[in-house]
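The values are calculated or read from the model by the stated rules, or taken from the named source; none is laboratory data. The shown structure was predicted, so the numbers you read here are calculated from the model rather than taken from an experiment. Here Cβ is always computed from backbone atoms with ideal geometry, including for glycine, and neighbour counts include all displayed protein chains. Surface areas here come from the heavy atoms of the whole protein model, side chains and all, with no ligands, DNA or RNA. Shrake-Rupley method; radii C 1.70, N 1.55, O 1.52, S 1.80 Å.
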Amino acid sequence: MGKLLAIETSCDESAAAILDYDSSNASITDALISSQIMIHREFGGVVPEVASRNHSINLPELVKSLLDQNQLRPRDFDAFAATGGPGLASSLLIGHSFAKGLAASCKKPFYSVNHMEGHLLSPFISSGEKSIPPHLALIVSGGHTMLIKVDGLNQYQLISKTIDDAAGEAFDKVGRMLGLPYPGGPEIEKLARDGNSKQFSFPRSLPGKLDFSFSGLKTAVLYTLKDLGYNTHNLPKGKILADLCASFQQAVIDSLVKKTLKAAQATNSRLITLSGGVSCNLALTNALQEALSRRNIHFLPCERKYSTDNAAMISYSAWFYHRQGLHSPLNTNINPNLALA
Ligand code: KG4
Ligand code: ZN
């Protein structure tokens, strides 16, 4: 048995997780997340400088609490990991340097983990899977929207991505236009439940293509608001607000489902995984579940607690590299634009 401590600070969540493992199994023993959402809400989005300052305040406390509540000390760990990118440079630096410091002082290996690989592997955390089956992965987060053909660990082929905004980014930007608090995704989902998704006909961009595009949809919402006579001093409320949310959300879901089905067919995939913050959206998971089960394609969404940014997915990714002895040198740098495939 061994223990791995992982840290995630790529955006506005400071997170730490403990993973217990042996050669064939891994499980998350405990994990904590300290979210800065309420701080950034005031600015309508994440302010990088504010995020990194808060990581530097919150992270040491968070790690101390996690270790104390599990009666562990740094030297009880066999390996340390942190997100190395992609993400906000000044935020990544805090967690990456913190974990490197622990690894150096305890003379244990350090693993610099790709945040997107964390999301990609997160659907398999719950079963503690030690090998990754071939599948097609849909990752939908605040910064990324992509379909990746996975043939095994580190065998990733990018099938398609967004040519402009990510799905989560579209939710957040439209949320802002509608006067909703940051992040827009969960707020829009809540309001959409009471809305009519057919009330407004918003575009499903790049039909027939595998790539995604959400910026035209965002602009369509903006023009609809203008046409209806709304502005920042006169925001939609009640039924109209719910209908706008439902119609917008449905347009995003339709695009995601259609392109995923098309890519599944093109890659002959029998298993589709879903991860990233937007996978919290129940209307999306239900729509994908339904569309895939009609085609007898297995669907594995990540557990809700591993959808938005967390350190459990970072610890799980690091475990694969730890098993192969592929540690990262202590001079490994962060990379805000780190690619996955
Ligand atoms: O994966 P994540 O925590 O961070 C990034 O790596 O970007 O994703 C955050 C994104 C935000 O854009 C947020 O609005 C979106 O996930 N999100 C949702 C929902 N919950 C979070 N989008 C739609 N519906 C939700 N329920
Ligand atoms: Zn993320």
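Can you pull the three principal axis extents for the Cα set of the range 135-302, in Å, largest first?
52, 27, 27
How large is the convex hull of the C-alpha atoms of the range 31-158 per residue, in Å³?
Numbers: hull volume 16.8 nm³, N = 128.
Output value, Cα hull per residue: 131 Å³.
Mind telling me which of S112, S34, S279 comes out most flexible in a GNM of the chain, alpha-carbon contacts under 10 Å?
The residue with the greatest mean-square fluctuation here is S34.
Tell me the GluC sites (Glu not before Pro) within the range 1-109 that lie in a loop according to DSSP and have at most 11 other beta-carbon atoms within 10 Å. Kindly include the intermediate steps, with their values, before the conclusion.
Details: sites: E8, E13, E42, E49, E61; in loops: E42.
Taking the range 1-109 and a limit of 11 other Cβ atoms within 10 Å, the loop GluC sites (Glu not before Pro) found are E42.
Residue by residue, what Karplus-based ³J(HN,Hα) values in Hz, rounded to whole numbers, does the range 179-194 have, using 6.51, -1.76 and 1.60 with θ = phi - 60° and x for Gly and Pro?
In residue order, the calculated couplings are x, 8, x, 6, x, x, x, x, 5, 5, 4, 4, 5, 5, 4, 9 Hz.
Among T162, T83, T29, determine the one that fluctuates most according to a GNM of the chain built with springs between C-alpha atoms less than 10 Å apart.
Largest GNM mean-square fluctuation: T29.
Which value, in debye to the nearest 20, gives the size of the charge dipole of the range 135-302 about its Cα centre, when Lys and Arg are +1 and Asp and Glu are -1 at the Cβ?
Values: 19 positive and 13 negative charges, 71 e Å.
Using Cβ point charges on Lys, Arg, Asp and Glu, the range 135-302 gives about 340 debye.
Does anyone have the angle between helix 215-227 and the longest principal axis of the chain? Alpha-carbon axes, 0 to 90°, nearest 10?
40
Give me the dipole magnitude in Debye, nearest 20, for the chain about the Cα centre, with unit charges on the beta carbon: positive for Lys and Arg, negative for Asp and Glu. Walk me through the numbers on the way to the answer.
Numbers: 32 positive and 29 negative charges, 125 e Å.
So the magnitude is around 600 debye.
Residues with amide H under 5 Å of L153's amide H, sequence separation 5 or more or different chain, H placed in the peptide plane at 1.01 Å from N; which?
The list, which skips near neighbours in sequence, is I132.
Relative to the Cα centre, what is the charge dipole magnitude of the range 25-177, using +1 at the beta carbon of each Lys and Arg, -1 at the beta carbon of each Asp and Glu, and rounding to the nearest 20 debye? Can you show the working numbers first?
Values: 13 positive and 14 negative charges, 69 e Å.
Once rounded to the nearest 20, the dipole reads 340 debye.
Give the peptides 251-261, 62-72 in descending order of average Cβ contacts within 10 Å, highest first. List each step's numbers first, then the result.
Working: 251-261: 21.5, 62-72: 14.7.
Taking the mean over residues of other Cβ atoms within 10 Å, the ranking is 251-261, 62-72.
Carbon and sulfur atoms: what percent of the 1.4 Å accessible area of the range 135-302 do they account for?
Numbers: 3800 of 7530 Å².
Carbon-and-sulfur percentage of accessible area, whole number: 50.
Select from G152, A81, A99 the residue farthest towards the positive end of the dipole of the chain; place +1 on Cβ of Lys and Arg, -1 on Cβ of Asp and Glu, and compute about the Cα centre.
Final value for the positive-end residue is G152.
Counting DSSP beta bridges in the range 135-302, what percent are antiparallel, to the nearest 5? Please report the intermediate quantities before stating the final value.
Details: 13 of 22 bridges.
Once the DSSP bridges in the range 135-302 are tallied, antiparallel ones form about 60 percent.
What's the whole-number percent of alpha carbon pairs in the chain lying beyond 33 angstrom?
Numbers: 16443 of 57970 pairs.
Tail of the P(r) past 33 Å holds 28 percent of the pairs.
So what J values fall out for the range 300-315 if you push phi through Karplus, 6.51 cos²θ - 1.76 cosθ + 1.60 with θ = phi - 60°, rounded to Hz, Gly and Pro as x?
10, x, 6, 4, 3, 5, 9, 6, 7, 3, 7, 8, 4, 5, 6, 5
Hey, what angle do you get for helix 48-69 against the long axis of the chain, alpha-carbon based, 0 to 90 degrees rounded to 10?
Helix 48-69 sits at roughly 50 degrees to that axis.
Given the DSSP H assignment, sum -39500 (n - 2.57) over each helix run of at least 4 residues in the chain and divide by its residue total; what's the result at 222 nm in deg cm²/dmol, nearest 500? Don't jump to the answer; show the numbers that get you there.
Numbers: 10 runs with 140 residues, N = 341.
Counting only the DSSP helices, I get -13000 deg cm²/dmol.
Would you mind checking the pairs K130/K173; K108/K130; K130/K259 and listing those with alpha carbons more than 31 angstrom apart? Walk me through the intermediate numbers first.
Details: K130/K173 38 Å; K108/K130 22 Å; K130/K259 29 Å.
Exceeds cut-off: K130/K173.
For the range 135-302, with every protein chain kept in place, what is the accessible area per residue (1.4 Å probe, Å²)?
Values: 7530 Å² over 168 residues.
With the other protein chains kept in place, the range 135-302 gives 45 Å² per residue.
In the range 201-341, if the dipole is taken from +1 on Lys/Arg beta carbons and -1 on Asp/Glu beta carbons about the Cα centre, which of V221, A263, I240 is farthest to the positive end?
Among V221, A263, I240, the one farthest towards the positive end of the dipole of the range 201-341 is A263.
In the chain, what % of DSSP beta bridges are antiparallel (nearest 5)? Could the numbers behind the result be given before it?
Numbers: 30 of 48 bridges.
Looking only at bridges with both residues in the chain, the antiparallel portion is about 60 percent.
Using alpha-carbon positions, what is the distance between the centroids of the range 1-41 and the range 279-341, in Å?
13
Would you work out which of P336, P207, A17 lies farthest towards the positive end of the dipole of the chain, given +1 charges on the beta-carbon of Lys and Arg and -1 on that of Asp and Glu, about the Cα centre?
Final value for the positive-end residue is P207.
On a 0 to 90° scale, report how tilted helix 238-267 is relative to the longest principal axis of the chain, with both axes built from alpha carbons and the result rounded to the nearest 10.
Helix 238-267 sits at roughly 60 degrees to that axis.
Any chance you could check the Cα centroid distance between the range 117-147 and the range 53-114 for me, in angstrom?
Each part reduced to its Cα centre gives a spacing of 22 Å.
Can you return the aspartates and glutamates within cross-link range of K239? Criterion is Cα-Cα under 19 Å, with same-chain partners fewer than 8 residues away left out.
E187, E189, D194, D227
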